[in-house]
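Colleague: Provided herewith is a single structure, encoded as structure tokens, for subsequent inquiry.
The values are calculated or read from the model by the stated rules, or taken from the named source; none is laboratory data. This one's a predicted model, so the numbers in the text were calculated from it and none came from an experiment. Every residue, glycine as well, gets a Cβ built from its backbone with ideal geometry; the counts of neighbours run over all protein chains shown.
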Amino acid sequence: MKKVLWQELRRSEFEKAVEADAIIIIPVGSTEQHGNHLPLNTDTNCCFTIAQRAAQSIDEFPILVLAPVWAGYSPHHMAYPGTITLKYHTFVDLLTQVAASVHAHGFKKILFLNAHGGNSAIVAAMRTKLAAEEGTNAVSYNYWDMPSVHEKMKAVCQSDKGFIGHAAEIETSLQLYLQPELVDMGAAVWVPGLWGDPSTATPDKGETIFNAAVNALVKLLREYHSGKLEDRLKWRKEIL
Ligand SMILES: [Zn+2]
């Protein structure tokens, strides 16, 4: 299996990756409570595994996946045990400096893949911030927001309580598929701090959602590399 993890490369291998115009994925997760039935690394695990699988699926150009950002913006989960949160500006600075470091080594395309709702607005704003303040090209997606993923989720999910929710049907299904040994379905009931109903989750639903997210990401990565995605982001050139 080819290497897709940034931290596994040697110095000389980076030069080849820069020459081939590699895309760098920065998975952005969290360490936060996900009820009594899911592990704290749920978000980090989701974006990291989706990114790795998509990177493995593309042979035409290299994709490198950075170690996931494991702490995000989660002040609203601090009432529950286990949550780690960064302060707003710390989180913004962390994302900025990781992306700017990637850019400094010659990489021209960065994709943030976010997995935590509390990070969404901040990660989305990084695109403009990095372009305007660092001269760095980046795009960002929530894994549940990528084209066609929403429709696939709606098609397989029974729960009507919100969309992705928190520690609900979608995240629980993904975790049952990705790391079932860390899920306690006996405790998969609504408790304060959850949004939605986890009881209808299954590993099959998780597999369908995971594959939909991987396929959507593969498509976006190909569009980004070919320049098609860039064409839709002309607004950035207008503001610079
Ligand atoms: Zn989550």
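Colleague: What do you reckon, is PHE48 of a type outside the set (A, V, I, L, M), more than 19 Å from MET126 (Cβ to Cβ) and not in a loop (DSSP other than H, G, I, E, B)?
Modeller: Against the criterion (of a type outside the set (A, V, I, L, M), more than 19 Å from MET126 (Cβ to Cβ) and not in a loop (DSSP other than H, G, I, E, B)), PHE48 does not qualify.
Colleague: Residues ARG53, ARG11: which one is over 20 Å from LEU113 (Cβ atoms) and among the basic types (Lys, Arg)?
Modeller: The conditions single out ARG11.
Colleague: Here's something else I'd like to know. Which one of these does LYS108 not meet: (1) closer than 28 Å to LEU176 by Cβ; (2) away from the ligand (no atom under 16 Å from the Cβ)?
Modeller: Failed condition: (1).
Colleague: Consider region 38-90. How many of its residues are within 15 Å of the chain's Cα centre (by Cα) and closer than 30 Å to ALA188 by Cβ?
Modeller: Summing the residues that are within 15 Å of the chain's Cα centre (by Cα) and closer than 30 Å to ALA188 by Cβ in region 38-90 gives 22.
Colleague: Further question on the same structure: Quick test for you: out of ALA187, ALA155, pick the one residue that is more than 20 Å from THR49 (Cα to Cα) and modelled with pLDDT of 95 or more.
Modeller: The unique qualifying residue is ALA187.
Colleague: Out of the residues in region 4-43 that are of a type in the set (Asp, Glu) and away from the ligand (no atom under 16 Å from the Cβ), which is nearest to TYR73 (Cα to Cα)?
Modeller: GLU8
Colleague: For region 64-180, give me every one of the helices (runs of 4 or more DSSP H) that falls completely inside it and has 2 or more residues that are in contact with a strand residue (DSSP E or B) (Cβ under 8 Å, 6 or more places away or on another chain) and surrounded by 20 or more Cβ atoms within 10 Å (Cβ to Cβ).
Modeller: 88-104, 120-129, 169-178
Colleague: Okay, moving on. Hey, could you check region 181-200 for residues that are closer than 20 Å to GLY118 by Cα and not in a loop (DSSP other than H, G, I, E, B) and say which is nearest to the ligand (Cβ to nearest atom)?
Modeller: Looking at residues that are closer than 20 Å to GLY118 by Cα and not in a loop (DSSP other than H, G, I, E, B), I get TRP195.
Colleague: Condition check: out of contact with any His (no Cβ under 6 Å at 6 or more places or on another chain), away from the ligand (no atom under 16 Å from the Cβ) and not basic (Lys, Arg). Does MET1 satisfy that?
Modeller: yes
Colleague: Kindly establish whether SER57 is free of Cβ contacts under 8 Å to residues at least 40 places away in the same chain and among the polar types (S, T, N, Q).
Modeller: In short, no.
Colleague: On to the next question. Return a yes/no flag: does region 203-226 have any residue that is exposed (fewer than 14 other Cβ atoms within 10 Å of the Cβ) and modelled with pLDDT under 95.
Modeller: For region 203-226, residues exposed (fewer than 14 other Cβ atoms within 10 Å of the Cβ) and modelled with pLDDT under 95: present.
Rundown of residues vs (1) away from the ligand (no atom under 16 Å from the Cβ); (2) in contact with a Gly (Cβ under 8 Å, 6 or more places away or on another chain); (3) not basic (Lys, Arg), yes/no style:
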residue: LEU64; (1), (2), (3): yes, no, yes
residue: TYR73; (1), (2), (3): no, yes, yes
residue: THR83; (1), (2), (3): no, no, yes
residue: THR90; (1), (2), (3): yes, no, yes
residue: SER101; (1), (2), (3): yes, no, yes
residue: MET126; (1), (2), (3): yes, no, yes
residue: TYR143; (1), (2), (3): no, no, yes
residue: GLU151; (1), (2), (3): yes, no, yes
residue: ALA155; (1), (2), (3): yes, no, yes
